[in-house]
Amino acid sequence: GTPPIKVLMPALSPTMEEGNIVKWLKKEGETVNAGDALCEIETDKAVVTMESSDDGILAKILVEEGSKNVRLGSLIGLLVEGGQDWKAVEIPADAGDPSSQAPPAAAPTSAPAGPSVSAPPKLEHHTGKLQIRLSPAARNILETHGLDPSNITPTGPRGIFTKEDALKLLQEKHKGKPSEVKPMVSPAPPQPTTVPSAPPATAGTSAYPRPAIPPVSTPGKPPPPGAFTEIPASNIRRVIAKRLTESKTTIPHAYAAADCDIDAILKLRKELAKDDIKVSVNDFIIKATAVTLKQLPDVNVTWGGEGPRQLHSIDISIAVATDRGLITPVIKDVAAKGIQEIAASAKALAKKARDGKLLPEEYQGGSFSISNLGMFGISDFIAVINPPQACILAVGRARTELKIVEDEEGNEKLKQHQLMTVTLSSDGRVVDDELASKFLETLKANIENPMRLAL
């Protein structure tokens, strides 16, 4: 056959270990030039477009759209050089390696008669015996060496049989324990199916931390207590969960809040709108934060493990909610940008984040984060620090309040003001209470006097 050029799953972010194939942008037989978009890959951060590094013809797609948890370095496609017969491409022997790609997509299967309920992924009740949840790497080891996973208790979360469990079983085999090694039938791929209720004996001897089979539900009747539907977590959701847990358990959070009068900002916005310059209140908040960080550089820090690192550039991460979870694209060198440039950058980054088109350099780094929930009607809230950053500012909605003021003649009267609550979450290891209070005081002054932002 025609010798191929291998297309491997690349590392599209520093923490990426595996990815999902979202969509192929080229079809088999199409000409590909270096730099052309080949496919879209969901990493642990975002959906990133993979570009071809070679010229040629896309001869074979080995990992189809929708494939999950494809390991780095796995073979996902083949190219041939221009002018060669792409239909006769030589398929490498390792193209079907089960460790390089996820098991096949789930397919509907027949179920035993009787009441039914959706089972969790990778679980199936078969001839009265529970099959074990296997990670892709563990499945490959077990099938290669003919090992039976039922001989040891899985150590993974919620009873998943991990690669380490498989290696332990293989080590016991090499030590000469034939009683623990017997031929096995490859476990079925993960598939949603219907199962009967578990026999009492199975429930009493299960090694899982919770029942492997949820309570049975009957169509047309309310679900019983404890019934659930397990939702697969995307790579992005798993990373968010990991980082939030790390933040709340390892960073000593401290909180402080201030009410800012934004009447001057609203008035300035109207003046700019007359000249067809459209900027939001949030753009002013971003600029005011950058100016404040420039005035108080001790807050523009990250925690490097051994101690704080003061950053020379003020790069602000803005939290953007997407269908795949929260992501924080970064506006670079904000202190040197004008309000209009900040507005354009924020709008473009937010759109790319929602479309899943952010490049790695557009969401990595950042020295300070801002999360604004004012557009959702939230008055005030507390945000979780985005490590290794030391601070995040939570911005609420504008609200009308009455305030007693004195006129030129010294008479007191009530006047309406638009107030906005901002709450600073800070890392107590690097930003103490005095510094956090000083930061909020300076930020409040910059917001209430937007002319200072031009200084």
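The values are calculated or read from the model by the stated rules, or taken from the named source; none is laboratory data. The model shown is predicted, which means the values in this text are computed figures rather than measured ones. Positions of Cβ are backbone-derived with ideal geometry, glycine not excepted, and every protein chain shown enters the neighbour counts. In case anyone asks, the SASA skips ligands and DNA or RNA and just uses the protein heavy atoms, side chains included. Shrake-Rupley method; radii C 1.70, N 1.55, O 1.52, S 1.80 Å.
Numerical summary
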item	result
Criterion: out of contact with any strand residue (DSSP E or B) (no Cβ under 6 Å at 6 or more places or on another chain), hydrophobic (A, V, I, L, M, F, W, C), closer than 22 Å to GLU362 by Cβ and open to solvent by less than 30 Å² (accessible area, probe 1.4 Å) - qualifying residue of MET9, MET16	MET16
Number of the exception - PRO98 against (1) modelled with pLDDT of 85 or more; (2) open to solvent by 30 Å² or more (accessible area, probe 1.4 Å)	(1)
Check on LYS242, farther than 30 Å from MET451 by Cα, open to solvent by 70 Å² or more (accessible area, probe 1.4 Å), part of a helix (DSSP H, G or I) and of a type in the set (Lys, Arg)	yes
Criterion violated by ALA273 - all others in (1) buried (at least 18 other Cβ atoms within 10 Å of the Cβ); (2) farther than 26 Å from ASP380 by Cβ satisfied	(1)
Number of the condition not met by VAL291 [criteria: (1) open to solvent by less than 60 Å² (accessible area, probe 1.4 Å); (2) without any contact (Cβ under 8 Å) to a residue 60 or more places away in the chain]	(2)
Region 396-419 - residue that is under 25 Å from ILE286 (Cβ atoms) and of a type in the set (D, E, K, R) and, of those, most open to solvent (accessible area, probe 1.4 Å)	ARG397
Test set (1) buried (at least 19 other Cβ atoms within 10 Å of the Cβ); (2) not in a loop (DSSP other than H, G, I, E, B) - LYS23 fails condition number	(1)
When residues of region 256-271 are limited to those that are among the small types (Gly, Ala, Ser) and in a strand (DSSP E or B), the one nearest to GLY428 (Cα to Cα)	ALA256
Residue within region 338-355 that is in contact with a Gly (Cβ under 6 Å, 6 or more places away or on another chain), of a type outside the set (D, E, K, R) and not in a helix (DSSP H, G or I) present	no
Condition check for ILE57: under 30 Å from ILE240 (Cα atoms), not in a loop (DSSP other than H, G, I, E, B) and not basic (Lys, Arg)	no
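Residue-wise test of (1) in contact (Cβ under 8 Å) with a residue 40 or more places away in the chain; (2) crowded, with 18+ Cβ neighbours inside 10 Å; (3) within 24 Å of the chain's Cα centre (by Cα).
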site: GLY356; (1), (2), (3): yes, yes, yes
site: GLY366; (1), (2), (3): yes, yes, yes
site: ILE370; (1), (2), (3): yes, yes, yes
site: GLY377; (1), (2), (3): no, no, no
site: THR421; (1), (2), (3): yes, yes, no
site: SER425; (1), (2), (3): yes, yes, yes
site: GLU434; (1), (2), (3): no, no, no
site: LEU440; (1), (2), (3): yes, yes, no
site: ILE447; (1), (2), (3): yes, yes, no
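Results for (1) at pLDDT below 65; (2) in a helix (DSSP H, G or I); (3) out of contact with any Cys (no Cβ under 9 Å at 6 or more places or on another chain); (4) among the acidic types (Asp, Glu), shown as yes or no for each residue.
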| site | (1), (2), (3), (4) |
| --- | --- |
| GLY176 | yes, no, yes, no |
| SER186 | yes, no, yes, no |
| PRO190 | yes, no, yes, no |
| THR202 | yes, yes, yes, no |
| TYR208 | yes, no, yes, no |
| PRO211 | yes, no, yes, no |
| PRO215 | yes, no, yes, no |
| ALA254 | no, no, yes, no |
